[in-house]
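Everything below concerns the one structure shown next.
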Amino acid sequence: MTKKALVSGITGQDGSYLAELLLSKGYEVYGIIRRSSSFNTKRIEHIYHDPKLKLEYGDLTDATRLRELVLDIKPDEVYNLGAQSHVRVSFDEPVYTVDTVAMGCLNLLEAIRRLDNKPRFYQASSSEMYGLVQETPQKETTPFHPRSPYSCAKVFAFWQTVNYRESYDLFGCNGILFNHESPRRGETFVTRKITRAAGRIKMGLQDKLYLGNLDAKRDWGFAGDYVEARWLMLQQDKPDDYVVATGETHSVREFLDEVFGCLDLDWHKYVEIDPRYFRPAEVDLLLGDSTKARKVLNWEPKTTFKALAKMMTEADLELAKDEAVLKAHR
Ligand code: NAP
Ligand code: F7E
């Protein structure tokens, strides 16, 4: 029988890759989308007319609607990827962030708890939960020390998922994913902000790039490699929590070197520091140990740091070229 998956956050970076993967595996995919005054389905445009993709209006803060959706659809699997996912923005909008990230997860768990056939549940947990890191590298047993409203909300959602697993026999898994990027990454996250600006600088469309803390280090992987791990978690005999990471860490500075290097540019000529991009509390270093996912799920990342930087730079150079052509015809 055709499996059904319900995905929150389908219009986001990860939702779009997950939808592609599930469709390729023959799933009927139900995506929750938000009403917006402008189009917000750009990342799923290429699969929009697939008859197995069905989009339903909803919002993680609307518990009634979530309950209605799970009752109507009766999904076999639920992937909770929806979130106000920007850490810096979470300091400006803590209450809204907690509503979507923490309460959103709880609303979904409550919506499925009383179903006779409870769907398997995936929670998009985050390496940000390690925050002020208690050990390096970070693994499943490393204690959390969140450093932002976003990561505090993710810790709540993590433990609710564990709690529903232990209390209600619900097949709930946390994927503790370290930063993952792609040409579909939102343009305000640092990697994409850099590749977008570098392409525009190369094409003469921009002359400065304003950034914050260049010393922060992250374990950056490719989003396309990480979707398989999520799906694999829900195919196991037992529910569990897994770290998904590359096992390498690099600074923002090193990412700048790679990207501008690909375009034969010297970033020092273009980058300026703007304190508005500093955070009230910073996460200085993240480095994941995904031994458990590698052993149990037989998963491993395929894309290196260099290859990721090159892929994003080339995609954004193409975008900048299109932009330059449009500008010339204006
Ligand atoms: P993203 O690109 O920011 O996408 C977020 C998605 O959530 C979008 O589809 C957005 O819809 C939706 N959304 C936001 N608020 C919502 C609400 N109230 N109700 C329903 N949907 C809502 O994020 P991403 O990078 O794909 O990340 C996916 C998930 O993984 C998030 O939960 C994130 O916190 C988590 N995560 C990400 C990373 C990473 O490095 N990317 C690492 C660890 C964990 P609109 O398109 O309408 O805005
Ligand atoms: O920042 C520094 C910034 O916003 C990375 C989300 O997907 O991954 C993401 O959160 C680092 C930070 O990602 C700028 O201070 C310097 O140290 O790209 P980011 P993030 O905060 O790590 C985790 C795993 C998630 O779960 C989140 O949802 O880069 N940085 N200058 C800057 N960051 C931004 N955004 N903009 C700058 O100008």
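Considering only protein heavy atoms, with the full assembly of protein chains and a 1.4 angstrom probe, order W299, W159 by accessible area, largest first.
W159, W299
If contacts are Cα pairs under 8 angstrom and at least 6 residues apart, what is the relative contact order of the range 224-322 in percent?
44
Could you tell me how far the Cα centroid of the range 12-59 sits from the Cα centroid of the range 186-236, in Å?
Distance between centres, Cα-based: 21 Å.
Hey, for a label at Y210 modelled as a point 7 Å past Cα toward Cβ, could you say which residues of the range 268-285 have their backbone N under 12 Å away?
Residues 272-278 qualify, since their backbone N sits under 12 Å from the label point.
So in the range 161-269, what percent of DSSP beta bridges are antiparallel if you round to the nearest 5?
Of those bridges, close to 25 percent are antiparallel.
Mind ranking Y57, Y168 by accessible surface for me, highest first, 1.4 Å probe?
Most to least solvent-accessible, the answer reads Y57, Y168.
Where does the range 80-235 land on Rg/Rh, using Cα atoms and the Kirkwood Rh?
Taking Rg over the Kirkwood Rh, I get 1.02.
Just to be sure I understand the model, the point goes 7 Å from the Cα along the line to the Cβ. What's the resulting R330 to D266 distance in nm?
According to this spin-label approximation, the distance is 3.1 nm.
Quick one: what are the phi-derived ³J(HN,Hα) couplings along the range 155-168, Karplus 6.51/-1.76/1.60 with θ = phi - 60°, whole Hz, x for glycine and proline?
5, 4, 5, 4, 5, 5, 5, 5, 5, 5, 5, 7, 8, 10
Can you tell me the relative contact order of the chain? Whole percent, Cα pairs under 8 Å, sequence separation 6 or more.
Reported as a whole number, the value is 17 percent.
Looking at the chain from every direction and averaging, what is the projected area of its Cα convex hull in nm²?
Value for the chain: 17.1 nm².
Have a look at A223, A198, G58 and report the one farthest towards the positive end of the charge dipole of the chain, computed about the Cα centre with Cβ charges (Lys/Arg +1, Asp/Glu -1).
Comparing the listed Cα positions along the dipole, G58 ranks first.
What whole-number distance in Å separates the alpha-carbon centres of the range 109-161 and the range 282-330?
Cα centroid of the range 109-161 versus Cα centroid of the range 282-330: 24 Å apart.
In the chain, what % of DSSP beta bridges are antiparallel (nearest 5)?
5
For the range 18-26, in order, what is each residue's ³J(HN,Hα) by Karplus, 6.51 cos²θ - 1.76 cosθ + 1.60 with θ = phi - 60°, in whole Hz (x at glycine and Pro)?
Result, ordered by residue: 5, 4, 4, 4, 5, 4, 5, 8, x Hz.
Per residue, how big is the convex hull of the range 240-292 when only Cα atoms are used? Give it in Å³.
117
Work out, step by step, the length gained on full extension between D237 and V95: first 0.36 nm times the residue separation, then minus their alpha carbon distance; give nm to one decimal.
47.4 nm
Using the structure shown, list the pairs from K139/K302; K4/K42; K208/K310; K217/K238; K269/K321; K269/K306 with a Cα-Cα distance above 28 Å, or answer none.
From the list (K139/K302; K4/K42; K208/K310; K217/K238; K269/K321; K269/K306), the Cα-Cα distance tops 28 Å for K217/K238.
Output the 0 to 90 degree angle, nearest 10, between the alpha-carbon long axis of helix 223-233 and the longest principal axis computed from the alpha carbons of the chain.
Between the helix axis and the principal axis of the chain, the angle is about 20 degrees.
How much accessible area per residue does the range 116-254 have, counting only protein heavy atoms and a probe of 1.4 Å, in square angstrom?
Result: 37 Å² per residue.
Taking just the C-alpha trace of the range 265-311, give me its Rg and Dmax in Å.
17.1, 47
Label E166 and R253 with points 7 Å out from Cα along Cα→Cβ: what is the distance between them in nm?
4.3
Amide H neighbours of W220 under 5 Å, at least 5 residues apart or on other chains, H built in the peptide plane: list them.
Sorted by chain and number, the residues that satisfy this are H250.
Based solely on its DSSP helices, what 222 nm [θ] is calculated for the chain when runs of n ≥ 4 H residues each add -39,500 (n - 2.57) and the sum is averaged over all residues, nearest 500 deg cm²/dmol?
Computed mean residue ellipticity for the chain: -12000 deg cm²/dmol.
Which log10 I(q)/I(0) values does the range 151-216 give at q = 0.22 Å⁻¹ under the Debye formula, counting every alpha carbon as one identical point scatterer?
Normalising to I(0) and taking log10 leaves -0.96.
Normalised by the residues of the range 44-194, what does the relative contact order come to in percent, with Cα pairs under 8 Å and at least six apart?
With pairs under 8 Å counted, the relative contact order is 24 percent.
Under a crude label model (7 Å from the Cα following the beta-carbon direction), how far is K25 from I273 in nanometres?
It works out to 4.5 nm between the two label points.
Enter the angle in degrees (range 0 to 90, nearest 10) between the Cα long axis of helix 252-262 and the first principal axis of the Cα atoms of the chain, meaning the one along which they spread out most.
Approximately 60 degrees, to the nearest ten.
Could you give me D for the range 19-146, from Stokes-Einstein at 37 °C and 0.692 mPa s, where the hydrodynamic radius is the Kirkwood radius over C-alpha pairs? Units µm² s⁻¹, please.
Roughly 198 µm²/s, to the nearest whole number.
Can you send over the carbon and sulfur percentage of the accessible area for the chain, probe radius 1.4 Å, protein chains only?
Of all accessible area on the chain, carbon and sulfur atoms account for 50 percent.
Skipping prolines and chain starts, which residues have an amide H placed within reach, meaning under 5 Å, of the one on E140, given they are 5 or more residues away or on another chain?
Under 5 Å from the amide H of E140: V243.
In the range 202-294, what is the volume of the convex hull around the alpha carbon atoms, normalised per residue and reported in Å³?
139
The values are calculated or read from the model by the stated rules, or taken from the named source; none is laboratory data. No experiment lies behind these values; they were computed from the predicted model shown. No Cβ is skipped: glycine too gets one built from the backbone with ideal geometry, and neighbour counts run over all protein chains shown. These accessible areas exclude ligands, DNA and RNA; they are computed on the full protein's heavy atoms, side chains included. Shrake-Rupley method; radii C 1.70, N 1.55, O 1.52, S 1.80 Å.
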